[in-house]
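Trainee: Below you'll find the structure I mean.
Derivation of every value follows stated rules applied to the coordinates shown; laboratory data play no part. This is a predicted model, so every value here is computed, not measured. As a convention, Cβ positions derive from the backbone with ideal geometry for all residues, glycine included, and neighbour counts pool all protein chains shown.
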Ligand code: JFZ
């Protein structure tokens, strides 16, 4: 009898299961939290700004950004050249007849990212200028209308899969300077909401749908910031709902609605090149540039040293955040040599020190300026990693460390002594032979 009852109960459960399948429920705006784990472990990703603006390399008609002779010209951001250096619509949109990246080799891009230690790649599928890097069914302002013709995203996605990188797309869901109803910079007349709604329904939402259906991305990178914008909480949720209904893995960043991201986004996006000084209550990342500009700028010589960028990476890692480092490819499809050199330097450092970064988590130790910590469980126990960004004679850890301590790169043993509740680590001067960050592994 008991067994019979059990069978009935089981059948009952099964039926509930059937009913649920056949009547689709409201899509949840929340993603299964387990889908964010890869992002938390990844730490380091490649951002890429590439499009029609790459042809101009930050200069137009004898003017180079930043150029304060234009009221809005005071910025290095080369992808903003159209409204900032007042490039006429016809000229700018006509660049579509010139964009021909014949040297595009996505395999080599992804190999550089992989060798640099990066675990994911995010490219501008469409930036504010409205130009789509894929063959879009929604708009002809796309790669299919260029002399190159061929879709740029599919082979990049294939290369990411081949080398085991996650991939995502930047999609400018709000600003669109080509669409007659898209949002424009604040110094243009405000696009009335009913017009914006036309762009939203005709281009923005359908292109996001297209990107998910065609390429199945691991994340979508939307972009709003402090300017007054058209992304109301209703539109924000409409877009989140669309993404959730089409993908059960695609992460959404906080800039979908910067000032009011709500509870259903998957990670927070900092301001450009902004590094928080404290832990945050959600996964997060800093989008960062190698030059001042995002898009390749031929006269922006402000390349950051690899060592400084590693410090940003380590700073973020020690506080549970990611570092999304941008490379702006040239219009012909090649990566700038200074970018490649920096990626390789960072990769070489991560080859020997990556154990302390990837898959690690923050500690709650307060350390002096320039010293960072992470922790991680490895087969030989729980390790504490200490990053020393400049020479110091000793480090004090507010915990009792009873095991051993060594320089991660070389295995050189380092002395520790427990004093009360603290451990004092004495550092020989000889471990600071060059200006790279020295990592200690202690337990
Ligand atoms: C946005 C884009 O406009 C820019 O071109 C680039 O793609 C970057 C990653 O994201 O940049 C911002 C971010 C913040 C502000 C302006 C532009 N802001 O706070 O004024």
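Trainee: Contact order normalised by length for the chain, with contacts defined as Cα pairs under 8 Å and 6 or more residues apart; what percent is it?
Mentor: Relative contact order here is 16 percent.
Trainee: Once a ≥ b ≥ c are taken as the square roots of the eigenvalues of the Cα gyration tensor of the range 363-442, is the result rounded (a/c under 1.5), prolate (a/b larger than b/c) or oblate (a/b not larger than b/c)?
Mentor: Working: a/c = 1.38, a/b = 1.23, b/c = 1.13.
Verdict is rounded for the range 363-442.
Trainee: Please report 204, 247, 34, 172 as a ranked list, fewest other C-beta atoms within 10 angstrom at the top and most at the bottom.
Mentor: Details: 204 29, 247 19, 34 8, 172 24.
Going from sparsest to densest Cβ surroundings: 34, 247, 172, 204.
Trainee: Expected output is a single nm value to one decimal: the length gained when fully extending between residue 281 and residue 245, i.e. 0.36 nm times separation in residues minus the C-alpha distance. What is it?
Mentor: Additional length available on full extension: 10.4 nm.
Trainee: With springs only between Cα atoms under 10 Å apart, run a GNM on the chain and tell me which of 160, 257, 405 wobbles the most.
Mentor: Between 160, 257, 405, it is 405 that shows the largest mean-square fluctuation.
Trainee: Please compute the modelled spin-label separation between residue 341 and residue 29, points set 7 Å along Cα→Cβ, answer in nm with one decimal.
Mentor: For residue 29 paired with residue 341, the spin-label model returns 4.8 nm.
Trainee: Arrange 55, 240 by Cβ neighbour counts within 10 Å, fewest through most, would you?
Mentor: Starting with the residue having the fewest Cβ neighbours, the order is 55, 240.
Trainee: Could I ask something else about it? If r is the Cβ-Cβ distance from residue 348 to residue 228 and R0 is 41 Å, what FRET efficiency results, to the nearest 0.05?
Mentor: Plugging the Cβ-Cβ distance into 1/(1 + (r/R0)^6) gives 0.35.
Trainee: Let a ≥ b ≥ c be the square roots of the eigenvalues of the Cα gyration tensor of the chain; is it rounded (a/c under 1.5), or, if not, prolate (a/b larger than b/c) or oblate?
Mentor: oblate
Trainee: When a/c is below 1.5 the answer is rounded, else prolate if a/b is larger than b/c, else oblate, so apply that to the range 126-213 with a ≥ b ≥ c taken from the square roots of the Cα gyration tensor eigenvalues.
Mentor: In terms of gyration-tensor shape, prolate.
Trainee: Could you order the peptides 42-48, 367-373, 196-202 from most to least packed, using the average number of other C-beta atoms within 10 Å per residue?
Mentor: 42-48, 196-202, 367-373
Trainee: So, R0 is 35 Å and r is the distance between the beta-carbons of residue 111 and residue 430; what FRET efficiency does that work out to, to 0.05?
Mentor: 0.50
Trainee: Using label points projected 7 Å from each Cα along Cα→Cβ, tell me how many nm separate residue 421 and residue 301, to one decimal.
Mentor: Here the modelled spin labels are 5.4 nm apart.
Trainee: Among 403, 321, 51, which one shows the highest mean-square fluctuation when the chain is modelled as a Gaussian network with alpha-carbon springs under 10 Å?
Mentor: Of 403, 321, 51, the Gaussian network model singles out 403 as fluctuating most.
Trainee: In the Gaussian network model of the chain, springs joining C-alpha atoms below 10 Å, which of 192, 206, 336 carries the largest mean-square fluctuation?
Mentor: It is 192.
Trainee: What is the percent of Cα-Cα separations in the range 120-267 that go past 18 Å?
Mentor: 55
Trainee: Just from its helices, what would the mean residue ellipticity at 222 nm be for the chain, if runs of 4 or more DSSP H residues each count -39500 (n - 2.57) and the sum is divided by every residue, rounded to the nearest 500 deg cm²/dmol?
Mentor: Counting only the DSSP helices, I get -8500 deg cm²/dmol.
Trainee: Tell me the label-point distance for the pair residue 216, residue 259, using the 7 Å Cα-to-Cβ offset, in nm and rounded to one decimal.
Mentor: 3.9
Trainee: When 252, 340 are ordered from fewest to most other Cβ atoms inside 10 Å of their Cβ, what list results?
Mentor: Ascending Cβ contact count within 10 Å gives the list 340, 252.
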